[in-house]
Amino acid sequence: MSATSSSASKPLAKKGWLTRLRQRNVLPGFGLSMGITVFSLSLLVVLPFAMMAYTTTQMGWTGFWETITQPQVTAAIKLSLWMSFLAMLTNMVFGTLVAWVLVRYEFWGKSLINALVDLPFALPTAVTGISLATLYAPNGLIGQWFAKFDIQVAFTPIGIWLALVVVSFPFIVRAVQPVLAELSVEFEEASAVLGANRLTTFRKVILPELLPALLMGAGMMFARATGEYGSVIFIAGNIPMQSEILPLIIISKLEQFDVQGASAVALFMLMISFVILLTINIVQWKLSRRVGAR
């Protein structure tokens, strides 16, 4: 009797396992799509980075450290990180303001402004750099007015900051805009009814909801800015130890056929971007959990 019940329970157990598997994978083709995903990521992302790391390991740890600690490389690293950080702070303020206007107000030409936000993505970066250099050169349309006050924008670190602000501006707007669209105005009205002013409402009600998306956009923007080349090269001036960015160091080493040195600098740039993105993602995850727990 027990043997019969045991043999009968095996098909039932197998059937229950298959049922749970079908319920877990509702959509068909998981194995094929997962295989294509892993193959694509390996071919397009992992393999190039692995080859870059392999090329760098051939020069050894000592050679890697000597390369990235060269005074010219160190100055380029500091300049790139500092300008990217300033551009990130600038876009966090003005990008959030633009997203607020596009979501909260209705006005003539709103669709046009919404489309112009994505223009830095559509334009080739070289076109952006040439346009900015033409405008802000000492004899340019805008630069000549700064020159009267002995302020030079183009061919200085200020020009680098300006180019990074322009090319990375959409990241913040597009990250914050959907969150603002889903945030009900009733929360702001309730805050006003309870006696809070606009600054308190923004700081206590709106900002906690925006912060995870704001950090996500800031992280993507910072990673993009640290490696930006096309738009910066025309307005930076490229003076060693003053206005030379890190991607230009890589290009210079490649022109000198120093592939290992270029790989070392590129790998160090990748490590910086990875650490920054990982830190921001961890903070964003904690903030999302805290907001969701309320």
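The values are calculated or read from the model by the stated rules, or taken from the named source; none is laboratory data. None of these values were measured; they are calculated from a predicted model. Glycine also receives a Cβ, built like all others from the backbone with ideal geometry; neighbour counts cover every protein chain displayed. Calculation scope for accessible area: heavy atoms of the full protein, side chains included, ligands and nucleic acids excluded. Shrake-Rupley method; radii C 1.70, N 1.55, O 1.52, S 1.80 Å.
Match the structure shown to one of the listed values (1) 31, 21, 18; (2) 43, 21, 17; (3) 44, 34, 17 of semi-axes √(5λ) of the Cα gyration tensor in Å, computed from it, and give that label.
Label of the calculated value: (3).
Identify which of Ala223, Ala213, Ala190 has the largest mean-square fluctuation in a Gaussian network model of the chain, with springs joining Cα atoms closer than 10 Å.
Judging by the Gaussian network model, the answer is Ala190.
Could you check the simple spin-label distance between Ser184 and Leu89, using points 7 Å along Cα→Cβ, in nm with one decimal?
It is 3.7 nm.
Accessible area of the chain with a 1.4 Å probe: how many percent of it is carbon plus sulfur?
On the way: 12730 of 18170 Å².
The value for the chain is 70 percent carbon and sulfur by accessible area.
Under a point spin-label approximation (7 Å from Cα along Cα-to-Cβ), what is the Trp61-Leu116 distance to one decimal in nm?
Calculated label separation equals 5.4 nm.
Sum -39500 (n - 2.57) across every DSSP H segment of at least 4 residues in the chain, then divide by the residue count to get the 222 nm mean residue ellipticity, nearest 500. List each step's numbers first, then the result.
On the way: 15 runs with 221 residues, N = 294.
Helix-only estimate at 222 nm: -24500 deg cm²/dmol.
Could you work out how far apart the two model spin labels at Asp150 and Phe30 are, taking each label as a point 7 Å from the Cα in the direction of the beta carbon, and quote it in nm?
With each label point 7 Å from Cα toward Cβ, the separation is 7.0 nm.
Considering the chain as a Gaussian network with a 10 Å cut-off on Cα pairs, which listed residue, Ile239, Ile272, Ile160, attains the greatest mean-square fluctuation?
Checking each option, the largest mean-square fluctuation is seen for Ile239.
For the chain, report the accessible area per residue in Å² (1.4 Å probe, heavy atoms, rounded to an integer). All intermediate terms of the calculation are to be shown ahead of the outcome.
Details: 18170 Å² over 294 residues.
Accessible area per residue: 62 Å².
Placing +1 at every Lys and Arg Cβ and -1 at every Asp and Glu Cβ, with all other atoms neutral, what dipole size does the chain have around its Cα centre, in debye to the nearest 20?
Values: 20 positive and 13 negative charges, 318 e Å.
My answer is approximately 1520 debye.
In the Gaussian network model of the chain, springs joining C-alpha atoms below 10 Å, which of Trp161, Trp82, Trp145 carries the largest mean-square fluctuation?
Trp145
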